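For reference, the structure discussed in these notes is given below.
The values are calculated or read from the model by the stated rules, or taken from the named source; none is laboratory data. Predicted model, so just to flag it, every value in this text is computed and none were measured. Virtual Cβ from ideal backbone geometry, glycine too; neighbours counted across all protein chains shown. Side chains are part of the model used for accessible areas, which takes the heavy atoms of the whole protein and leaves out ligands, DNA and RNA. Shrake-Rupley method; radii C 1.70, N 1.55, O 1.52, S 1.80 Å.
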Amino acid sequence: MNNYEAVLIFKADMQDADRTALLERFKTIISENGEVTDVDDWGKRRLAYEINDLKEGYYYIVNFKSQPDHISEFERRLRLSDFIIRYMVIRKED
């Protein structure tokens, strides 16, 4: 298993309960073939540039372990979500 870090930017106008439920869903997807080691809630922040007329986003940093072939499925599901503005998944050095 490799170590990964995902930066997820949610729409800022989401309700707290909806945002938490969506984050839990993504954590469950990771847990299918790996394990979540840490979730860091950065809160609402101003975006460096507007994305689809949005000026703010809600940031989460998720550290996890997973098999390399599972990452493409995780990214596909992130892309399909209407509530994720941007995401980035990187492999961390061991």
Subject >> the stretch 5-22, subset hydrophobic (A, V, I, L, M, F, W, C), farther than 15 Å from Val89 by Cβ and touching a strand residue (DSSP E or B) at 6+ places or on another chain (Cβ under 6 Å), residue surrounded by the most Cβ atoms within 10 Å (Cβ to Cβ) >> reply: Phe10
**OP:** Could you grab me the full set of residues in the stretch 35-87 that are closer than 19 Å to Thr20 by Cα and of a type in the set (A, V, I, L, M, F, W, C)?
**Re:** Val36, Val39, Trp42, Ile61, Val62, Phe64, Phe74, Leu78, Leu80, Phe83, Ile84, Ile85
Original post:
Within the bounds of the stretch 75-86, is there any residue that is surrounded by 13 or more Cβ atoms within 10 Å (Cβ to Cβ), out of contact with any His (no Cβ under 7 Å at 6 or more places or on another chain), at pLDDT 90 or above and among the acidic types (Asp, Glu)?
Top reply: yes
Original post:
With respect to the numbered conditions (1) more than 11 Å from the chain's Cα centre (by Cα); (2) at pLDDT 90 or above, which one is the sole condition not fulfilled by Ala12?
Top reply: (2)
**OP:** Among what's in the stretch 42-70 and is more than 24 Å from Met1 (Cβ to Cβ) and charged (D, E, K, R), pick the residue that is least open to solvent (accessible area, probe 1.4 Å).
**Re:** Glu56
**OP:** Could you pull out the residue among Glu24, Glu5, Glu50, Glu56 that is of a type in the set (Asp, Glu), under 17 Å from Tyr87 (Cβ atoms) and free of Cβ contacts under 8 Å to residues at least 12 places away in the same chain?
**Re:** Glu24
